[in-house]
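Notes for the one structure printed next.
The values are calculated or read from the model by the stated rules, or taken from the named source; none is laboratory data. Being a predicted model, the structure only gives us computed values, none of them experimental. So basically every Cβ, Gly included, is an ideal-geometry build from the backbone, and we count neighbours across all protein chains shown.
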């Protein structure tokens with residue numbers, strides 16, 4: 001099963017300490033060698049970002065920073081695991097690294113299983129997740 005793991009924190013957390021960057025780099029290398037990590041990385045601050053929104057029949061574009069945002073996704077990984085429990089264990093490992101190497105940092109990790117169009121059926125004019133609910137690799 002494929003999962004997206006998103007690391008969220010206050011945008012003003014600042015850059016991580018070198019020890020944290022080194023530890024994450026090592027984890028990423030190990031994950032790529034084992035085939036668990038599909039892709040992983042950090043994200044630019046909202047000041048360098050753009051939102052494209054569809055609302056009430058209109059599409060709008062807004063450049064950052066987005067002042068109403070309290071927490072932002074600062075890092076992500078798309079990973080292959082045998083189970084959700086394995087994905088949670090991986091997120092716990094990442095949070096332990098944050099606690100140990102960047103003790104002042106506060107944030108959370110969100111784990112979401114990914115689905116592709118092949119995981120949906122069209123019934124009654126609307127799409128719904130197939131009854132088994134399992135995303136494919």
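Pairs are defined by a Cβ separation below 6 Å, a sequence spacing of at least 6 or placement on different chains, a first member in segment 76-95 that is in a helix (DSSP H, G or I), and a second member that is surrounded by fewer than 18 Cβ atoms within 10 Å (Cβ to Cβ); the pairs so defined are 87/111; 91/111. If the condition is being closer than 26 Å to residue 94 by Cβ and loosely packed, with under 12 Cβ neighbours inside 10 Å, then segment 32-74 contributes 33, 34, 35, 39, 41, 44, 47, 48, 70.
Only one entry of 61, 73 meets the criterion of being farther than 20 Å from residue 96 by Cβ and touching a strand residue (DSSP E or B) at 6+ places or on another chain (Cβ under 9 Å), and that entry is 61.
Among the residues here, residue 25 qualifies as under 21 Å from residue 103 (Cα atoms) and loosely packed, with under 14 Cβ neighbours inside 10 Å.
If you go through segment 96-124 and keep only what is out of contact with any helix residue (DSSP H, G or I) (no Cβ under 6 Å at 6 or more places or on another chain), surrounded by 15 or more Cβ atoms within 10 Å (Cβ to Cβ) and within 16 Å of residue 15 (Cα to Cα), you end up with 98, 107. Only residues that are more than 17 Å from residue 108 (Cα to Cα) and either without any contact (Cβ under 8 Å) to a residue 40 or more places away in the chain or in a helix (DSSP H, G or I) (or both) were counted in segment 1-41, giving 16. Report whether or not residue 44 is out of contact with any strand residue (DSSP E or B) (no Cβ under 9 Å at 6 or more places or on another chain) and either part of a strand (DSSP E or B) or modelled with pLDDT under 95 (or both). In short, yes. Residues in segment 107-125 that are at pLDDT 90 or above and either in a strand (DSSP E or B) or more than 26 Å from residue 81 (Cα to Cα) (or both): 107, 108, 109, 110, 111, 112, 113.
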